[in-house]
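Everything below concerns the one structure shown next.
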Amino acid sequence: MIKSIPGTKDILPEEIIYWKNLENIVHQIFSNFNYKEIRTPIFEETILFSRGIGEETDIVGKEMYTFFDKGNTSLTLKPEMTASVVRSFIEHSLGKLQPLNKLYYISPMFRQERPQAGRQRQFHQFGCEAIGSNSPILDGEIIITAYRILQKLNLKDLKVKINSLGIPSARESYKKILREYLRNKLHLLSEDSRKRFENNILRIFDSKIESDIDVVKDAPKLIDYIDDESKKDFEVVKELLTNNEIPFEIDSKLVRGLDYYCKTTFEIISGKVGAQSALCGGGRYDLLIEQLGGPPTPGVGFAAGIERILLACKNENSTTLPEESIDIFIIRIDDELIKEVFNIADILRRGSLKVEIDYLGKSVKSQMREANKLKAKFVLLIGGTEYKYQKYILKVMKTGEQIELSANNFLELQSLIYQKISAY
RNA sequence: GUGAGCGUAGCUCAGUUGGUUAGAGUAUCAGGUUGUGGCCCUGAGGGUCAUGGGUUCAAAUCCCAUCGCUCACCCCA
């Protein structure tokens, strides 16, 4: 049996309703905040991501789906969206059309990792990028949009964590301070963290190893060493969240993995999705656009994992969607009438009713059972003898009541049916 | 890349110290008196017991290998 690639999943009809529900909410909330949807290709030149996300990151270092096309260009399936949006922003000079572009997206992403709960190789994110303003109001706004979406999905077990990384120069001087602090404690750290000491010292804070956590517990905090502007902006973000009733906590250990972040970073986690608890993460990236060859332009954005969110919804039992049903099931008593049945169905369907018929030549009993299973609101019965005299029976499934209709043609039948069913 | 656990019907799972033709629930299909649903009843189809090898008179059951899946680590959404 040919199976789907590990880490990829089919989204079957019974789950699609939950996806659509989420997508509708995403479109709605972003529309409320006047964000415009953007769609970019599923693959890009590899250099976009290696330059944008950072050569040293795990995403670029070991997780990208990279291949060569026939022109021998290195291409990569997008592992995240920010670099693509920024590329598009630069390519189409969006910054010249208007100073601020508020963009959002829903899209598949690809990372080659070992799958586990809440982690796939093809997964889906929605998110936004607000490009063109350094106002911390936007930092707050995107956190609020994310939170409102999760709220609308009825998720309860949520935690918003925020931090500020400061501007790069402030962060660099903090790194020195941290390095000094840890230097004589190196022997207490795990092997991985000793590696991080060399490569990316901030990530020691991410460690889940108890001895590591112990070592950094009393280390100097980044938040105490950031520049004044970042501090001021951070205060604005906090105030905005408080004013708009978003509960949050400051997590000085929150260091996002991608190179381009500065100032505000945030994450929303759920206690209901297993080990991969981050539903959503993002922050500010004021240097990225210039770094990718665009005009110096500040930006801020986030990405949210749809599979993780749906998993949280499922585990919290937060979503109750209306049962699917159909309007009319047309039953034929004589199998010969299939063409007439199809014809009537078509007329009703053109009138926007959801109509189903039998294609398998089932008995009347079986057709009734099928109608019941599909939760048909009405059944239209077409019999051999009555049909000759243009008589039809409309059955109201809920009550069992049967109404006899008499019509000279299908159009007349249609209007009769509309009359009758609108009464219910 | 590392570690652990699990593979029996479409799905969820029983299957005794190894012992006849591998079961249940659910789902599917059909029937339950002329042409009418739900509840109920009856019946049917559906299995290379993941695959390959080994031990044994005898293997779903014990052993080995392979494959697949799941969870966790790393990292991230």
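Looking across the range A:370-391, the residues that are more than 7 Å from RNA strand B (Cβ to nearest atom), on the phi < 0 side of the Ramachandran plot and either surrounded by fewer than 17 Cβ atoms within 10 Å (Cβ to Cβ) or not in a strand (DSSP E or B) (or both) come down to A:LEU374, A:ALA376, A:LYS377, A:TYR387, A:LYS388, A:TYR389, A:LYS391.
The condition (being within 16 Å of RNA strand B (Cβ to nearest atom), crowded, with 19+ Cβ neighbours inside 10 Å and not in a strand (DSSP E or B)) is satisfied by just one residue among A:LEU150, A:LEU138: A:LEU150. Would you point out the residue of the range A:260-302, among those that are small (Gly, Ala, Ser) and crowded, with 24+ Cβ neighbours inside 10 Å, that is nearest to RNA strand B (Cβ to nearest atom)? If we take residues in the range A:260-302 being small (Gly, Ala, Ser) and crowded, with 24+ Cβ neighbours inside 10 Å, then A:GLY282 is nearest to RNA strand B (Cβ to nearest atom). For the range A:1-38, a tally of residues being touching a helix residue (DSSP H, G or I) at 6+ places or on another chain (Cβ under 7 Å), surrounded by 14 or more Cβ atoms within 10 Å (Cβ to Cβ) and not in a helix (DSSP H, G or I) returns 2.
Being touching a helix residue (DSSP H, G or I) at 6+ places or on another chain (Cβ under 8 Å) and assigned to a helix (DSSP H, G or I) is the filter here, so list the residues in the range A:193-213 that pass it.
A:SER193, A:ARG194, A:ARG196, A:PHE197, A:ILE201, A:LEU202, A:ARG203, A:ILE204, A:PHE205, A:SER211, A:ASP212
All told, A:ALA219 falls short of being closer than 23 Å to A:GLY54 by Cα and aliphatic (A, V, I, L, M).
Do we find that A:LEU353 is away from RNA strand B (no atom under 16 Å from the Cβ), exposed (fewer than 13 other Cβ atoms within 10 Å of the Cβ), outside the structural domain of A:THR145 (by TED's automatic domain parsing) and of a type in the set (A, V, I, L, M, F, W, C) in this structure? In short, no. Inside the range A:57-81, residues that are of a type in the set (Val, Ile, Thr) and touching a helix residue (DSSP H, G or I) at 6+ places or on another chain (Cβ under 7 Å) make up a count of 4. Counting the residues of the range A:105-121 that are more than 6 Å from RNA strand B (Cβ to nearest atom) and crowded, with 17+ Cβ neighbours inside 10 Å gives 7.
Here A:GLY305 clears all of (1) at pLDDT 95 or above; (2) more than 8 Å from RNA strand B (Cβ to nearest atom) except the condition numbered (2). If you go through the range A:361-374 and keep only what is among the aliphatic types (A, V, I, L, M) and farther than 18 Å from A:GLY384 by Cα, you end up with A:ALA371, A:LEU374. Considering the conditions (1) under 19 Å from A:SER415 (Cβ atoms); (2) at pLDDT below 95, A:ASP327 is excluded by exactly one of them, (2). Of all residues assigned to the range A:187-205, at least one qualifies as being away from RNA strand B (no atom under 16 Å from the Cβ) and at pLDDT 80 or above. What about A:SER164, is it polar (S, T, N, Q), more than 30 Å from A:ASN24 (Cβ to Cβ) and surrounded by 19 or more Cβ atoms within 10 Å (Cβ to Cβ)? Yes. Filtered by the rule that a residue be farther than 20 Å from A:GLY95 by Cα and either buried (at least 23 other Cβ atoms within 10 Å of the Cβ) or outside the structural domain of A:LEU311 (by TED's automatic domain parsing) (or both), the range A:122-135 gives a lone residue, A:PHE126. If only residues of the range A:246-259 that are more than 10 Å from RNA strand B (Cβ to nearest atom) and acidic (Asp, Glu) are counted, the one that is surrounded by the fewest Cβ atoms within 10 Å (Cβ to Cβ) is A:GLU249.
The values are calculated or read from the model by the stated rules, or taken from the named source; none is laboratory data. Just so it is clear, the structure is predicted and the values come from calculations on it, not from any experiment. Reconstructed Cβ throughout: ideal geometry from the backbone, glycine too, with neighbour counts over all protein chains shown.
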